[in-house]
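Undergrad: The structure's right below; bear with me while I get my questions together.
Taken together, the values in this text are just the output of simple stated rules run on the coordinates, not laboratory data. This structure is a prediction, so every number in the text was calculated from the model and none was measured. Glycine gets a Cβ as well: all are built from the backbone with ideal geometry, and neighbour counts include every protein chain shown.
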Amino acid sequence: MGAPRSTTSTTFPWAGLLTLSALIFTSVTSEFLPTGLLPDIAAELRVSESQVGLLVTVFAGTVVLSAAPLSVLTRRYSRKSLVIVVLMVFAIANVLAALAPTYEMLVGARVIGGLAHGLFWAVVGAYSAHLVPKHQLGRAIAITGGGGTAAFVLGVPLGTAIGHAVGWRLAFAIIAAIIVILTLVTAKLLPAVSHGVVLSTGEIPIPMRKDRTVPAVIAVGLILILVALGHNLFYTYIAPYLIGPVGIDSGSIAGVLLLYGVAGALGLVLAGTLGDRFPQSTLIGSVALVMVAVLVIGTFASITPVALVAIFVWGMAFGALPSLMQARMMHTASLRVRDAAAAYFTTSFNVAIGGGALLGGVLLDGWGIGVLPFVDVTITVVGLAMIIVVAVWLRRGRPVG
């Protein structure tokens, strides 16, 4: 697969980064596909919409339980080889989802997908950091993060449109076919990397838990959980919210998701432009804007034009956050714990995704869908407060690697 790449190379690794971006696009599309097809899946399998929402929880919960252990068990293996193996498993999981005759079988397929997804992000989350030197990290993560944004711009809306037109099963089958193609592309274009830490002469290795950057890595993960938890308890159920309080026809949901995704792409561009220059201000501003936009959606849901503008702002603000938070995590972690930090990042994100879908389902069944945006705002306020507290702590001199 070629010699491992060193981050001292002066050539910017466009081919590798764009390959990673394409892989992330497919992975995120597959993870969130049930959100756009929630009513369709529920109707065919004769289960409630909250049960279909739990497919996101099951997927994310599997990631939470498996990402860190699988990262430790596979830490000595080639990063590129692991990506290829994980992609093949991921393709199989999507085929099983497309063929699932019952809700229980679909849950099983999502568990398999979650196992693959957990290891995928543990490896891919740090891959760009192995490809470029540290001063190019923000740019590299913005490029690979573009795959996640493109999933919301194109993947989820297109999958939703296909699902509405010809059935949700075909949407999963198409994802599986794309993953097979991308596996071949990965084998050809993704550079191999060296991910180990070479000790200096006489240097004694220390346990990972004693690395001085670990407390800050944990703090970043907790912030991510709070902000993404609020987001996902609402976004998971966006399709029934659009049909209900906003009053949009089910056939127009894909168009609204496209609007949200396009806004997310704009947010990613802003993150790539401003994130390296003003990392703290850009992060705080994005979270605050998410809060305001979601509050407007909840307050003025029945005024469709206002709700749509707020959804656009919501998409733009949240579209910047994954890239900003991932860059913060990679800058915070020392080289020794970088792969572990990537696993912790995906674990934190999926705690939020799964927990958000679960909490949203409980709120949906108990208090109705109208309460979701207001709970989202409340949790996001706590996340914003923690960002500020941690920023003050870091400024007081906690060293980073």
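Undergrad: When the gyration tensor of the stretch 1-114 is built from Cα positions, what are the square roots of 5 times its three eigenvalues, in whole Å, from largest to smallest?
TA: Equivalent ellipsoid of the stretch 1-114: 33, 15, 12 Å, largest first.
Undergrad: So, with +1 on the Cβ of K and R and -1 on the Cβ of D and E, and no other charges, what is the size of the charge dipole of the stretch 211-400 about its Cα centre, to the nearest 20 debye?
TA: It comes to approximately 780 debye.
Undergrad: Taking only DSSP H segments of four or more residues, each worth -39500 (n - 2.57), what value at 222 nm results for the chain once the sum is divided by all its residues, to the nearest 500 deg cm²/dmol?
TA: Values: 14 runs with 308 residues, N = 401.
Value at 222 nm, helices only, nearest 500: -27000 deg cm²/dmol.
Undergrad: Quick one, which of [x] 65, 55, 39; [y] 77, 41, 37; [z] 66, 46, 33 is the actual Cα extents along the principal axes in Å calculated for this model?
TA: Given [x] 65, 55, 39; [y] 77, 41, 37; [z] 66, 46, 33, the calculated one carries the label [z].
Undergrad: If amide hydrogens are placed 1.01 Å from N in the peptide plane, which non-local residues have theirs closer than 5 Å to the one on residue 193?
TA: Sorted by chain and number, the residues that satisfy this are 5, 79, 80.
Undergrad: Counting alpha carbon pairs within less than 8 Å and at least 6 residues apart, what relative contact order, in whole percent, applies to the stretch 13-194?
TA: 42
Undergrad: Another question about this same structure. For helix 79-99, report the angle its Cα long axis makes with the longest principal axis of the Cα atoms of the chain; keep it between 0 and 90° and round to the nearest 10°.
TA: Helix 79-99 sits at roughly 10 degrees to that axis.
Undergrad: Here's another thing I want to ask about it. Order by neighbour count: 393, 314, 14, 121, fewest other Cβ atoms within 10 Å first, most last. Provide the component values of the computation, followed by the final result.
TA: Numbers: 393 13, 314 30, 14 10, 121 24.
By the 10 Å Cβ count, ascending, the order reads 14, 393, 121, 314.
Undergrad: Sort 378-387, 284-293, 108-117 by packing, meaning the average of other beta carbons within 10 Å per residue, with the highest value first.
TA: My ranking of the peptides, most packed first, is 108-117, 284-293, 378-387.
Undergrad: Give me the percent relative contact order of the stretch 211-400, please, defined on Cα pairs under 8 angstrom at least 6 residues apart.
TA: Relative contact order here is 43 percent.
Undergrad: Starting with the fewest neighbours, write out 56, 392 ranked by other beta-carbon atoms found within 10 Å of each beta-carbon.
TA: Details: 56 28, 392 9.
Listing 56, 392 from fewest to most nearby Cβ atoms yields 392, 56.
Undergrad: Treating only the Cα positions of the stretch 211-400 as identical point scatterers, give the base-10 log of I(q)/I(0) from the Debye formula at each q in 0.08, 0.12, 0.14, 0.17 Å⁻¹.
TA: -0.26, -0.58, -0.77, -1.07
Undergrad: Can you give the angle from 0 to 90° between the axis of helix 103-131 and the longest principal axis of the chain, with both taken from C-alpha atoms, to the nearest 10?
TA: Relative to the chain, helix 103-131 is tipped by roughly 40 degrees.
Undergrad: Report, to the nearest 10°, how far helix 372-395 tilts away from the longest principal axis of the Cα atoms in the chain, using its own Cα long axis and a range of 0 to 90°.
TA: 20
Undergrad: Report relative contact order for the chain in percent, whole number only (criteria: Cα-Cα under 8 Å, sequence separation at least 6).
TA: The normalised contact order for the chain reaches 28 percent.
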